[in-house]
Amino acid sequence: MNIVDRFLHYTRINTTTSREKGAAGIMPSSDGQMELAQLLAKELDALGMEDIVLCDTAILTATLPANIPSVQGSNPIPTVSFFAHLDTSAEQANDTHAQIVRYQGGDICLNSALDIVLKESEFPELADYVGDDILVTDGTSLLGADDKAAIAAIMHALQVLKANPDIPHGTVKVAFVPDEEQGLRGAKAFDVEGFGADFGYTLDCCGIGEFVHENWNAGNAVVTFTGQSAHPMSAKGKLKNSLLMAHQFISMLPAGEAPQYTDGREGYYWVKEMAGNSAKTVLKMDIRDFSLQGYRNRMCFLQSLSDSCGKLWGESAISIQLDDRYENVANSLKGEASFPIDIAKEAYARNGIAMKAIPMRGGYDGAVLSQKGLPCPNIFTGAHNFHSIYEYLPVKSLQAASDVVIEVIKITAERHQ
């Protein structure tokens, strides 16, 4: 099966994540994710993979055994691994109807009946793909390249290695996990120690050449404001409005340090959700910073702000719960642990791809896996406009992602022979 047909085959399975079921602790949160995992398990078996394990959570793992002996002693061939996620974003839940277009420049009509157009003026990077085949939607759904492009790239790489046993390689492990799109739930449930890999790469997001080895240190804050309700006719001196407390708390956050005002490596406080009434209001926030010290400072600031408001309004009027979500993957790729970055750089170069390292202003499975002890930067899939009906995937970029996976495997073996 060629890589395009493989990708299109995967897109026909609707794996939209379910926020409601995810919030209830159900994993996988949608039946389609298990359906896709079961399909992949059969394909892995047909390719001759070993140790294929499909859990009831839809976490799927498999092993490609080494075809060369590992050097014994001080320089054994490490086990490299590759990860992709099964789910697609809940931003769009419709079934995917992917199509291939030969891009000749200008706009791409996705759906003439609904007048849905992928406009070059809005997505100028399309100019990089004139003359190429591009996979697009019909404008009524996501394409699902996030992350089925990754699944196709990894599976195609395994197919190439099995068809070409003359390519020397050590042990390779692959994993497909559910519900990345809602808090990296699959990665958080993943058994890194039992998996047995020495390092890994996720394939998730990003145009051809992009590479991620740093992202947020991320946390959550839940602030509860408790007021005192009273009828307005007799409220004087009695009513303590929790809604106004919440607004006052928000007003004391640093001006300009919110998502809409920041980019690059600038951190922020994101006031994400607020609900309540005059008696009780709950505020939910996300806290993000690339620097570990900066992240800690932000969390300390929120605790101090809560403590100060408690002195002003009374300790029972406010409480705060601060939780860590995931760390910057860069924390796990320092010093001697930076070798996955070096291998990736060489793999990109061998394929004639200029590496563009970008700080990811978000989370991905590799951040959680790295924090668990498996260094795991991120390789591109080649797709653009994730979580949008305008998502598209140049075929050459998809093939390039798979080629990089193969080269990483080859380099890993070469460095330890």
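Determine the sum of side-chain charges near R415: Lys and Arg each +1, Asp and Glu each -1, restricted to other residues whose C-beta is under 15 angstrom from that of R415.
-3
Say R0 is 22 Å: what FRET efficiency, to the nearest 0.05, do N94 and K42 get from their beta-carbon distance?
Approximately 0.25, to the nearest 0.05.
Probe radius 1.4 Å, ligands and nucleic acids ignored: give me the carbon and sulfur share of the accessible area of the chain as a rounded percent.
It is 49 percent, rounded to a whole number.
How large is ³J(HN,Hα) for each residue in region 331-343, as worked out from phi by the Karplus curve 6.51 cos²θ - 1.76 cosθ + 1.60 (θ = phi - 60°), to whole Hz, x for Gly and Pro?
Coupling constants for region 331-343: 4, 9, 10, 9, x, 5, 7, 7, 4, x, 5, 5, 5 Hz.
Show the residues, 5+ positions off or on another chain, whose built amide H is closer than 5 Å to the amide H of I389.
For I389, whose amide H was placed from the backbone, there are no distant partners under 5 Å.
How much accessible surface does I68 have with a 1.4 Å probe, in Å² rounded to 10?
The value for I68 is about 30 Å².
Please give me, ordered by residue number, the trypsin sites (Lys or Arg not before Pro) of region 299-389 that lie in loop per DSSP and have at most 10 other Cβ atoms within 10 Å.
Answer by residue number: K334.
Which value, in Å² and to the nearest 10, is the accessible area of W270 when all protein chains are kept and the probe is 1.4 Å?
Estimated to the nearest 10 Å², W270 gives 100 Å².
If eta is 1.306 mPa s and T is 10 °C, what Stokes-Einstein diffusion coefficient results for region 168-239, Kirkwood Rh from Cα pairs, in µm²/s?
In µm²/s, the coefficient rounds to 89.
Out of Q99, Q321, Q303, any idea which swings most in a Gaussian network model of the chain, alpha carbons joined below 10 Å?
Q321
What per residue convex hull volume, in Å³, do the alpha-carbon atoms of the chain yield?
Hull volume over Cα atoms, normalised by residue count, gives 168 Å³.
If amide hydrogens are placed 1.01 Å from N in the peptide plane, which non-local residues have theirs closer than 5 Å to the one on I68?
H169
Based on the alpha-carbon gyration tensor of region 81-148 and its eigenvalue square roots a ≥ b ≥ c, which shape applies: rounded if a/c is under 1.5, prolate if not and a/b is larger than b/c, or oblate?
Oblate shape, in that a/c is at least 1.5 and b/c is the bigger or equal ratio.
For a test of the definition: using alpha carbon positions, the gyration tensor, and the 1.5 limit on a/c, classify region 147-206 as rounded, prolate or oblate.
It comes out oblate by the Cα gyration axes.
Under 5 Å between amide hydrogens, which residues at least 5 positions from N217 or on another chain qualify, with H placed 1.01 Å from N in the peptide plane?
Result for N217 returns D289, F290, N328.
Given bins 5 angstrom wide, list per bin the percent of all Cα-Cα distances in region 314-375, short to long.
4, 14, 18, 18, 15, 9, 5, 6, 3, 3, 2, 1, 1
Averaged per residue, what accessible area in Å² does region 200-256 show with a 1.4 Å probe, protein chains only?
44
Please give the contour-minus-distance gain from K372 to L305: 0.36 nm per residue of separation, less the Cα-Cα distance, rounded to one decimal in nm.
Stretched out fully, the K372 to L305 stretch lengthens by 21.0 nm.
Less than 20 Å apart at the alpha-carbon level, and either on another chain or at least 8 residues along: which aspartates and glutamates does that give for K334?
D198, E210, E214, D289, D342, E346, D365
Would you mind classifying region 1-157 by shape? Square roots of the alpha carbon gyration tensor eigenvalues, ordered a ≥ b ≥ c; an a/c under 1.5 is rounded, otherwise it is prolate if a/b is larger than b/c and oblate if not.
Working: a/c = 2.50, a/b = 1.50, b/c = 1.67.
Here region 1-157 falls in the oblate category.
Gap in Å between the Cα centre of region 311-359 and the Cα centre of region 273-306?
20
Of A218, I353, L110, which is farthest along the charge dipole of the chain in the positive direction, counting Lys and Arg as +1 and Asp and Glu as -1 at C-beta?
A218
How large is the translational diffusion coefficient of region 206-285 in µm² per second when you combine the Kirkwood radius over alpha carbon pairs with Stokes-Einstein at 20 °C and 1.002 mPa s?
The Stokes-Einstein estimate is 140 µm²/s.
If one puts a single equal scatterer on every Cα of region 224-350 and applies the Debye formula without solvent, what log₁₀ I(q)/I(0) results at q = 0.21 Å⁻¹?
-1.20
Could you name the lysines in cross-link range of K21, using Cα to Cα under 17 Å and dropping any fewer than eight places away on the same chain?
K188
Compute the distance in nm between two label points, each set 7 Å from the Cα along the Cα-to-Cβ direction, one at I167 and one at I52.
2.0
Rolling a 1.4 angstrom probe over the protein chains, ignoring ligands and nucleic acids, what is the accessible area of Y261 in square angstrom, nearest 10?
Around 150 Å² of this residue is reachable by solvent.
Report, in listed order, any pair from K238/K284; K238/K280; K148/K345; K162/K410; K42/K162; K173/K372 with a Cα-Cα distance greater than 19 Å.
Cα-Cα > 19 Å for K238/K284; K148/K345; rest within.
The values are calculated or read from the model by the stated rules, or taken from the named source; none is laboratory data. None of the values given here were measured: they were computed from a predicted structure. Ideal geometry is used to build each Cβ from the backbone, glycine not excepted, and the neighbour counts take in all protein chains shown. We work out accessible area using only protein heavy atoms, side chains counted, and drop any ligands, DNA or RNA first. Shrake-Rupley method; radii C 1.70, N 1.55, O 1.52, S 1.80 Å.
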